[in-house]
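I have placed the structure first, in the form of structure tokens, so that the comments after it can refer back to it.
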Amino acid sequence: MVTKKQLEQAMDQRFSKEVYEKFKQAKVCIAGLGGLGSNIAVMLARSGIGTLKLIDFDMVDITNLNRQAYRIEHIGMPKTRALREIIGEINPYIKVETIQAKVMGENLEKFFAGETLVCEAFDNPEYKAMLVNYLLERQPKTIVVSGSGMAGVGSSNQICTRQKMKRLYVCGDGESDAYAGMGLLSPRVSICAGHQANMLLRLILGETES
Amino acid sequence: MVRINGINMERIEGKTIAEYLEQAGFDSSRVAVERNGAIVPKKSYEEVIITEADTIEVVSFVGGG
């Protein structure tokens, strides 16, 4: 068994103590644990983010394996539970909170109150807009990092991070919709997830993006 | 002059946010709108009137995640 001390020492070799402490004290809430959210959670866990709050209503399906962090053994399991297991195998000392429920209406306040860093990683564009609007309208201290436009096999270089509003960062190419005939594939989804995860780390360190 | 998504727009003053979104082809259920640095609440799209020197940002979300 790898001890907490060993893992922390391994982290300290790569970051200054100050950076690692900031990551360790930080909490990120991830809404949606599909191709974006599951990969973002794994990246943040590897980076040593101290607390992750994971929200999704869904179960792992065989069609998820092409781009999401899950494996065959997780099929049929709630994504929240599967991801908790995966994170536990990367760093068992990260605090993982899970909510297995659909994000809508009266749940919004209950799930997001007090969360200052929220990662929007839904699939459906109406749900994306609903969550972003709710958080920007009702939670003046919350910063949102959202994903939009990562389907298909277009140029990787079209995917970027932009600060679109005072408290909203959007990662993606902004236009590649997932529809029948142009699905989601691991590379571009992972690139977009990487943009979101990196923006979250930058925000934790007090940096911004224009 | 009104600036929308970084572009100067003519003859937009006087329209509501809802009218502008429809005219520009946005699906209002998929957008978030910021006006002069403040989020425009969804329920106000029909009431907020775009005025001279406004800076507006419309983010339109696409599917996939």
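Closer than 17 Å to A:MET43 by Cβ and surrounded by 23 or more Cβ atoms within 10 Å (Cβ to Cβ) - does that describe any residue in segment A:99-118?
Within segment A:99-118 (the criterion being closer than 17 Å to A:MET43 by Cβ and surrounded by 23 or more Cβ atoms within 10 Å (Cβ to Cβ)), the answer is yes, since at least one residue qualifies.
Given the structure, is A:LYS95 among the basic types (Lys, Arg), under 30 Å from B:VAL31 (Cα atoms) and either away from every other protein chain (no Cβ under 11 Å) or surrounded by fewer than 20 Cβ atoms within 10 Å (Cβ to Cβ) (or both)? Steps first, please.
Numbers: among the basic types (Lys, Arg): yes; under 30 Å from B:VAL31 (Cα atoms): no; either away from every other protein chain (no Cβ under 11 Å) or surrounded by fewer than 20 Cβ atoms within 10 Å (Cβ to Cβ) (or both): yes.
Here the answer is no, as A:LYS95 does not meet what is asked.
Only one of (1) more than 18 Å from B:PHE61 (Cα to Cα); (2) surrounded by fewer than 18 Cβ atoms within 10 Å (Cβ to Cβ); (3) not hydroxyl-bearing (Ser, Thr, Tyr) is not met by A:CYS160, so which one is it?
(1)
Looking only at segment A:25-55, count every residue that is charged (D, E, K, R) and either surrounded by fewer than 18 Cβ atoms within 10 Å (Cβ to Cβ) or on the phi > 0 side of the Ramachandran plot (or both) and tell me the total.
2
Any residue at all in segment A:177-187 that is more than 9 Å from chain B (Cβ to nearest Cβ) and crowded, with 22+ Cβ neighbours inside 10 Å?
No: segment A:177-187 contains no residue that is more than 9 Å from chain B (Cβ to nearest Cβ) and crowded, with 22+ Cβ neighbours inside 10 Å.
Kindly indicate the residue of segment A:133-157 that is more than 14 Å from A:LEU36 (Cβ to Cβ) and under 17 Å from the mean Cα position of the chain (by Cα) and also surrounded by the fewest Cβ atoms within 10 Å (Cβ to Cβ) among those meeting that condition.
Looking only at segment A:133-157, we keep the residues that are more than 14 Å from A:LEU36 (Cβ to Cβ), and these are A:133-143, A:152-157.
Adding the requirement that they be under 17 Å from the mean Cα position of the chain (by Cα) leaves A:135, A:142-143.
Values: A:LEU135: 26, A:THR142: 19, A:ILE143: 21.
The selected residue is A:THR142.
Just one of (1) within 13 Å of chain B (Cβ to nearest Cβ); (2) in contact (Cβ under 8 Å) with a residue 40 or more places away in the chain; (3) assigned to a loop (DSSP other than H, G, I, E, B) trips up A:LEU131, so point out which.
For A:LEU131, the exception is condition (3).
Every read-out reported here was derived from the displayed coordinates using simple, explicitly stated rules and does not represent laboratory data. Remember, predicted model here, so these are calculated numbers, not experimental data. Note: ideal-geometry Cβ built from the backbone for every residue, glycine included; neighbour counts use all protein chains shown.
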